[in-house]
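Report on the structure given below.
What follows is calculated from the coordinates using simple rules that are stated; it is not laboratory data. Because the structure is predicted, anything quoted here is derived from the model rather than measured. With ideal geometry, Cβ positions are generated from the backbone for all residues, glycine too; neighbour counts draw on all protein chains shown.
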Amino acid sequence: MQQLPYEPGPVIETRLRVYINGIERLHTSASWAIESSGGLPANLVNAGAEVRSRTGSITFAPIQAVTSHQPLPVRRNDGWPPTAGDRVVIDAEVGGKTFRRFTGYLKTPSTDLTTGIITVPITDGLGDTLERIVSLPPLVFGNSYARSHFQVMRALEECGLGVLPPVNTNAIYHNGMQGGMWDSVGEKSDAGIGYGVGVGNYGLNSADMTLRITTRARRHPILVMMGRASNDSDTLRLQMTVSGVTHTLEYSPKSKEIRLSNSSEGLKKVDSYAGASANPLICFFINRGQVGVFTSPSTYTTAVTSTDSTATPSGGQVTRAAGTAIYEVPSLDYLAKMMAEATEAPAKFASSTLEQVRLSACRGFENTKASEVINAWCESTLGFVHADEFGQVLVGTRDSLLRKNFSTSDVLSEKVFGGSFETNRDLTMRNIYIEGDTYNIQGNGSAAKVVVYQPDRATEIDKTQDNVEFISWADDVDVIGLDTDLKMIIDASDNIDNRAAYDDEIGSFTGICFSDPVVEGRMRWTGKGYEDISAWLETLGQRAVKITHRLARFTDAWKYYTVSPTAGVDEIREPLRGQPMPVLRARYRVQWTKFMRQGRTQGPVWGQDFTLKSSHFLHPDDAQRIADALSAEMSQEQISFEKLPMLWDPRKQVSDVCALRVMEKVSGLPRFTWSAEYILTGYKESWEGNVPTWEGDLSVRKVTDHLAGKTYADLTAAYATYGEIPADKSYQQLYDGLPRRIF
Amino acid sequence: MTGWIGTPAKMHEFLWPVSLKEGIPTRYSIQQAAAKSWAFVTSPPATRNREWSVELDGTNADSAVIRSFLYGAYGPGPFHFISEAASLTNALTPAQSLLSGVSNGGAVATADGGHSPASLVGGGLTVLADKVPVLPGAPVTVSVDASGATELIIQPRTVTGANAGGAKSVRAAGDLMQRIHAFIPSMPATARTITISAQGFNQLACPQVVWAERPSPWDVGGGADSVILLDGSSSFHNFELYSRDFWREMTLTIKEVG
């Protein structure tokens, strides 16, 4: 709901302004539409993909009053005619207030050759942005809250719509904190407390969350730490320790003051944040001899420092940030580009009360379009994802819409210009089932202790070539934290002796031994100077590995096997001797098994059955709650309004809940006869010049009859026992006090 | 009604008048609910949206120029159009006569007891209307309602905008609200437009330009600066044997654009 006043009198003066690349251009007509399923699965509404783009078209007015020739199709220097990719912003002015109607991009304009009129399709670009390929690994969430939409928020982050820039190889630490406090790079050593409540706040950590950073060779000279301010009251603090010096950045949203200091040089900078975003991405960097802060998405200021920026940060700490990341970047231009491209309004989430379990694991997506990740979630959880008139992405579940209070109400006889309503028996369901996968986790994550692969017998090494084998995990198994450092148990030629480590049963190991020519059955490890052995492991995506064993120098007469030795191994316990190799271990092995839940309310006999496939997103307990909610909703006849043309109201946004009331006058006094609360799932808006027409898609969630007589059944529904009926009220007061009939 | 159409460089008269109908289309678009109607304003004040239906009756010679216009010989337009009624009531455009875009003051009672919704206050030198077409050799009277020590100035200009002769300046007699007239009996031969300005006023309203030597009561401007000839039809009804004149009735539609 756009929170600006709109109280039109009978004569309404509106003005539509279309800005192309910031310059106002005159239009003759414009229209756009967005449809969504309002959180109902696509199969129930027959409406295609869940991620909906707002699309439309603009017809431009010619530049001169009389046009004597067709306009030049190629852009002149003054920015006209428009070309594909130009940014379009459409505002409507009414009553002295400006309402945003559309933010997006132009697609390819077309010019009519006989009239010279330019028409251009427009899109909010969400569908195109989400065509990006993303890969999200399977995860076991340790000590963090995680909800089903964690992967949706990650997919949006990889498309540039999240609180942080995408994860790439320059990221030393990365945790978006939306939908779950789980890191994508690095680890946090304590749980923090995740908040994900409501729309308008972003999930953030509480206080002093410590970051653990894996040391690795540095590639680029500049260190950057950034975090997003979640709301307008909590002070954000980012700390990074490099070469023993701790750098601290504090940002106060109330005063918009940024303070940068470090433990060896004290306070370095105090600046004021000048950008316009309500949730700015606050960033400081350490360059060679410089520290700096960004005072807006496109400007930064610096101060001199003696800190070395080429060491790997040893740790960090974060307080009240919505997402934090540490990157290394090659140049300040690169960093400036990253900051300029970070969105000013990251995707928001409207929380669900039905999802109450902290998820412990999720499956992976590999080389998948972000839109498919999001669609999978929407289909599984009754979720919706769309962008509003400002281009701000909103993610939510249907139950968040069913709980909302309605924001505006319209009297039907005053505001509705046509249309009809139907009672839909087709959508009435008898049984709602949710079929999904749930996790069974092996391993506690402290170290790679879970055996995920071991062959059932040793194989003989082919001396003529590399011995390659491919191992892939079963479809219902995820391996997380695989130890990819395949260690040879003992390799005398290269002075490698891992016998004690092998005996600890932590990590991945392999061994090449030869069969003793003298004593049968004795497997001996290869000696120094006699053989050259090596083995290595390569991961092939998320689900397969390739293991190579190589025997470079050998004795022709002997046979070599992939096996752990049995001789000369007093350090190794008996059960581990002579075992087929390699043994691969990981921190977790997750076995996914199927579950099915049925909604508690059963609909009428003639209703259909519906099965929602929730994939891995829902815990069985949450699935039960969602099945119950959906069956309660869908077991009754639905009332739907077909594309209702109503008086244009620019405050209404998709996923708003509004009410439509029918009124009559009795003895001169107005009385409501019935009202319907609905979720606005989409609308189409058209402008001819400065006159708007508006047509809404209304998904009714509740119909109330204000007049129907109350019966004894209503009394018994309201009071469970006779003793609860208040004794001090008259019959009329009791009758009036009963709740209105609700359908 | 007769009239003149063309550019300030040359305004062509068309003859002989039969009738002129002026239409001002609606400014509203109505959306109707069961119990309430809503009117959306489609065009801002003083928008160019008038349409005229002109009927003429003349010989080939009388209508040759207008027929050349219809064939596009004078270019695609847009053109200036001053009907005879406009030339004797107010040759300014409606926007100029209502001080649209120039006014900075509120409503004011005019000298004859009438009312103007907008006015100009302050007294700084203000151009009230520019590029108002005039006929060389013809008289022009410019009038305004003003209070204060007003000076009303008419500056004739050539087609390029250079001054064509000296400006005619008239000062108000006294300070009370009065109608001031400035009159040029015959425009210089090189004059094609006039620029009207005023200064020294306390409050000023209702500008008016009349192509005559005497003023007329104020009316909303009837002139147009951006019209096209939309269509025309001729109906031949008479032939003069001796002068070989074909008499034809013509109906023209003139539309304001821009």
task = Report, as an integer, the average count of C-beta atoms from other chains found within 10 Å of each Cβ along A:412-421.
result = 3
request  = Give the long-range amide H neighbours of A:ARG212: residues separated by 5 or more places, or on another chain, with amide H under 5 Å away, using H modelled in the peptide plane at 1.01 Å from N.
outcome  = A:GLU187, A:LYS188, A:SER189
ask   = When the Cα centres of the range A:610-687 and the range B:228-255 are compared, how far apart do they sit, in Å?
value = 65 Å
inquiry  = Once R0 is set to 30 Å, what does the formula 1/(1 + (r/R0)^6) return for the Cβ-Cβ distance between A:ILE506 and A:ASP476, expressed as a FRET efficiency to the nearest 0.05?
reply    = 0.70
note = For the pair A:LEU707 and B:ALA35, the simple spin-label estimate (label points 7 Å beyond Cα toward Cβ) gives in nm 1.2 nm
query = Which FRET efficiency value, to the nearest 0.05, is calculated for B:HIS12 and A:LEU72 with the Förster distance at 25 angstrom and r the Cβ-Cβ distance?
reply = 0.15
query = Hey, can you rank A:366-374, B:243-251, A:395-403 by average C-beta count inside 10 Å, highest first?
reply = A:395-403, A:366-374, B:243-251
ask   = Considering only DSSP beta bridges with both partners in chain A, what is the antiparallel share in %, to the nearest 5?
value = 90 percent
key: Residues of the range A:309-336 with amide N under 19 Å of the 7 Å Cα→Cβ point at A:SER243   = A:309-316, A:327-332
query = Ordered by residue, what ³J(HN,Hα) values in Hz, to whole numbers, does the range A:24-32 give under the Karplus form 6.51 cos²θ - 1.76 cosθ + 1.60, where θ = phi - 60° and Gly and Pro are x?
reply = 6, 10, 7, 10, 9, 8, 7, 7, 7
ask   = What are the chymotrypsin sites (Phe, Trp or Tyr not before Pro) within the range A:590-647 that DSSP puts in a loop, where the Cβ has at most 11 other Cβ atoms within 10 Å?
value = A:TRP606
inquiry  = What does the structure give for A:65-71 when I average, per residue, the other chain Cβ atoms found within 10 Å of the residue Cβ?
reply    = 4
task = May I ask which of A:LYS643/A:LYS665; A:LYS449/A:LYS546; A:LYS97/A:LYS652 have a Cα-Cα span longer than 22 Å here?
result = A:LYS643/A:LYS665
task = Could you work out how far apart the two model spin labels at A:ASP426 and B:SER43 are, taking each label as a point 7 Å from the Cα in the direction of the beta carbon, and quote it in nm?
result = 4.6 nm
inquiry  = Is there a quick way to get the dipole size of chain B? I mean about its Cα centre, with the Cβ of Lys and Arg at +1 and of Asp and Glu at -1; what is the value in debye to the nearest 20?
reply    = 520 debye
task = Report the label-to-label distance for A:GLN636 and A:LEU26 in nanometres (one decimal), using points 7 Å from each Cα along the Cα→Cβ vector.
result = 5.4 nm
inquiry  = If packing is taken as the average number of other Cβ atoms within 10 Å across a peptide's residues, how do B:154-166, A:209-221, A:153-165, A:124-136 rank, most packed first?
reply    = A:153-165, A:124-136, B:154-166, A:209-221
query = How large is ³J(HN,Hα), in whole Hz, for each residue of the range A:302-319 in order, when computed from phi with the Karplus curve 6.51 cos²θ - 1.76 cosθ + 1.60 and θ = phi - 60°, using x for Gly and Pro?
reply = 10, 9, 7, 8, 10, 5, 7, 9, 9, 7, 7, x, 8, x, x, 8, 9, 10
ask   = Under 5 Å between amide H atoms, partner at least 5 residues away or on a different chain: which partners does A:LYS702 have, H built in plane at 1.01 Å?
value = A:GLU677
key: Estimated 222 nm signal from helices in the protein assembly as shown, with DSSP H stretches of n ≥ 4 weighted -39500 (n - 2.57), rounded to 500   = -2500 deg cm²/dmol
task = For a quick protection proxy, order the peptides A:495-508, A:325-338, B:190-203 by their average other-Cβ count within 10 Å, most packed first.
result = B:190-203, A:325-338, A:495-508
Net lengthening on full extension, A:LEU715/A:ASN495 (0.36 nm per residue, minus Cα-Cα) = 70.5 nm
query = Taking the Cα centre of each part, how many Å lie between the range B:113-147 and the range A:277-311?
reply = 62 Å
ask   = With r defined as the distance between the Cβ atoms of A:VAL270 and A:ASP333 and R0 fixed at 30 Å, what FRET efficiency is calculated, to the nearest 0.05?
value = 0.75
remark   = Cα-Cα longer than 20 Å, checked against A:LYS404/B:LYS36; A:LYS404/A:LYS702; A:LYS348/A:LYS404; B:LYS131/B:LYS168, kept in input order, equals A:LYS404/B:LYS36
message = Quick check: the angle from helix B:60-70's long axis to the longest principal axis of chain B, C-alpha only, nearest 10 degrees?
response = 70 degrees
query = Counting only other chains, what is the mean number of Cβ atoms within 10 angstrom of the Cβ of each residue in peptide B:18-31?
reply = 2
ask   = Taking H as built 1.01 Å from N, whose amide H comes closer than 5 Å to the amide H of B:TRP247, not counting residues under 5 places away?
value = B:HIS237, B:ASN238, B:PHE239, B:GLU240
request  = Just report the Cα centroid separation between the range A:550-597 and the range A:335-364, whole Å.
outcome  = 41 Å
